[in-house]
1. If you check every pair at least six apart or on different chains, which have Cβ atoms under 6 Å apart with a residue in region 7-27 that is under 25 Å from A38 (Cβ atoms) first and a residue that is of a type in the set (G, A, S) second?
2. Return the total of residues in region 59-74 being assigned to a helix (DSSP H, G or I) and surrounded by 22 or more Cβ atoms within 10 Å (Cβ to Cβ).
3. Looking at (1) assigned to a helix (DSSP H, G or I); (2) within 15 Å of the chain's Cα centre (by Cα); (3) not hydrophobic (A, V, I, L, M, F, W, C), which one does R166 not meet, given that it meets all the others?
4. Is it fair to say E115 is assigned to a helix (DSSP H, G or I), of a type outside the set (K, R) and open to solvent by 20 Å² or more (accessible area, probe 1.4 Å)?
5. Tally the residues that are among the basic types (K, R) and farther than 21 Å from L245 by Cα, restricting the search to region 349-368.
6. Suppose the filter is of a type in the set (D, E, K, R), surrounded by fewer than 23 Cβ atoms within 10 Å (Cβ to Cβ) and assigned to a loop (DSSP other than H, G, I, E, B); does K98 pass it?
7. Determine which single condition A271 fails, assuming it passes every other condition in (1) free of Cβ contacts under 8 Å to residues at least 24 places away in the same chain; (2) over 24 Å from the mean Cα position of the chain (by Cα).
8. Which of the residues belonging to region 9-58 are more than 21 Å from T131 (Cβ to Cβ), surrounded by fewer than 18 Cβ atoms within 10 Å (Cβ to Cβ) and of a type in the set (D, E)?
Amino acid sequence: MNFKGRIEKILNLISEKELDGAIIVGGSNIFYLSGTDAASALIIGPREKILLCPRLEALRAQDEEKIGARVIGYTEADVEFLEDEDLIKGSFSEALIKALEIAGLKAEKTGITKEKVSTKTLQKLEKTYGTVKPIDEILKQMRRVKDSDEVEAITKASRLAEKALRKALYSMEKGVTEGELAGIILHEIYRAGAEPSFPPIVAFAEHSAHPHAKPGNKKLERGDLVKIDLGARVEGYCSDMTRTLVFGEASEKQRQLLKAVLSSQQAALEALRVGVKGKAVDEKAREVLRKKGLAKYFNHGLGHGVGVDIHEPPTLSPSSKDSLLEGEVFTVEPGIYIKGFGGIRIEDTVVLTSEGYKPLTRFERELW
């Protein structure tokens, strides 16, 4: 990952707003620009970069950061310190003000990711330091378009998730519980030295009608729908994928509903183009289900961006205002959820190209 290049880019972008530096808050924002999420704030100036961390996270930040930043810890505790610790005594807001003074930044020339700062901290900062300008949109736009390193990391995460899913499917047998399959998925991800993007969803039979079902002690029976939604995080980047299948012989109703959701997803995928509205792609998926009388069972948006966070811009939904950009990575995941029967979702992660889309998840979709 070219973290130093990202620092240069954001400095260039904020200079167009006549700003000299920035205060970056929010773990994923800080990771995106520095390579570590151990800091409470990243202060970027034209001459100095500071990672401001709780004292207990300072060593991790030093080991992980990739931009040659000065790591400064802070604490309110009145305890012994190491002689060589770079430390500020005080609360986060007090330490932030001192760090800005160290960096030599002036309020009127400083931007901030305002949405990630608590109201209390922002009020104290502006009362003592001065008014700073929001730069949230600048960073959001930077993060929306993925470079080749980011796409590669998400692809690696997808391959690992697929391996974990394969292991779970091989472990399916009558009487196995949702929780046991979720544990198998987590074990496979952790043993690879990665971590899950989110707690895996494993749901059987009527329980699968919950879009975000929590795995429990429900035991698998023949003829059950099985919905598994999982993802891995590799090099700080997430993957996301859902597959739905039937354990044993599928009924005609199950087969027809599975085919309907797959057709809905395929219609949406074929509609993907640079510049198309996320809302329009969502409608393509609903149109297929509507013709089959199933659109009323599709109770969430079609997709969301994936990157450092499992949910990022853009959105593909009936209320989306996003136009899709080349290089964006997002999910396409139509679903139907019928109380007392079950739920079906098929989800893949894709990257948008000048020619349409490239799938980053490759696991077979027709599992019935």
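The values are calculated or read from the model by the stated rules, or taken from the named source; none is laboratory data. Being a predicted model, the structure only gives us computed values, none of them experimental. Cβ coordinates were reconstructed from backbone atoms using ideal geometry, including for glycine residues, and neighbour counts include every protein chain displayed. Side chains are part of the model used for accessible areas, which takes the heavy atoms of the whole protein and leaves out ligands, DNA and RNA. Shrake-Rupley method; radii C 1.70, N 1.55, O 1.52, S 1.80 Å.
1. If the second residue must be of a type in the set (G, A, S), the pairs left are I14/A22; I14/G111; G21/G45; A22/G111; I23/A41; V25/A41.
2. Filtering region 59-74 down to residues assigned to a helix (DSSP H, G or I) leaves 59-64.
Now narrow it down to the ones that are surrounded by 22 or more Cβ atoms within 10 Å (Cβ to Cβ): 61.
Total satisfying the criteria: 1.
3. With (1) assigned to a helix (DSSP H, G or I); (2) within 15 Å of the chain's Cα centre (by Cα); (3) not hydrophobic (A, V, I, L, M, F, W, C) applied to R166, the lone miss is (2).
4. Working: assigned to a helix (DSSP H, G or I): yes; of a type outside the set (K, R): yes; open to solvent by 20 Å² or more (accessible area, probe 1.4 Å): yes.
Considered against the rule, which asks whether it is assigned to a helix (DSSP H, G or I), of a type outside the set (K, R) and open to solvent by 20 Å² or more (accessible area, probe 1.4 Å), E115 comes out as yes.
5. Within region 349-368, the subset among the basic types (K, R) is 358, 362, 365.
This time we only want the ones that are farther than 21 Å from L245 by Cα, so: 358.
The total comes to 1.
6. Working: of a type in the set (D, E, K, R): yes; surrounded by fewer than 23 Cβ atoms within 10 Å (Cβ to Cβ): yes; assigned to a loop (DSSP other than H, G, I, E, B): no.
Answer is no for this residue.
7. A271 satisfies all of (1) free of Cβ contacts under 8 Å to residues at least 24 places away in the same chain; (2) over 24 Å from the mean Cα position of the chain (by Cα) except (2).
8. E48
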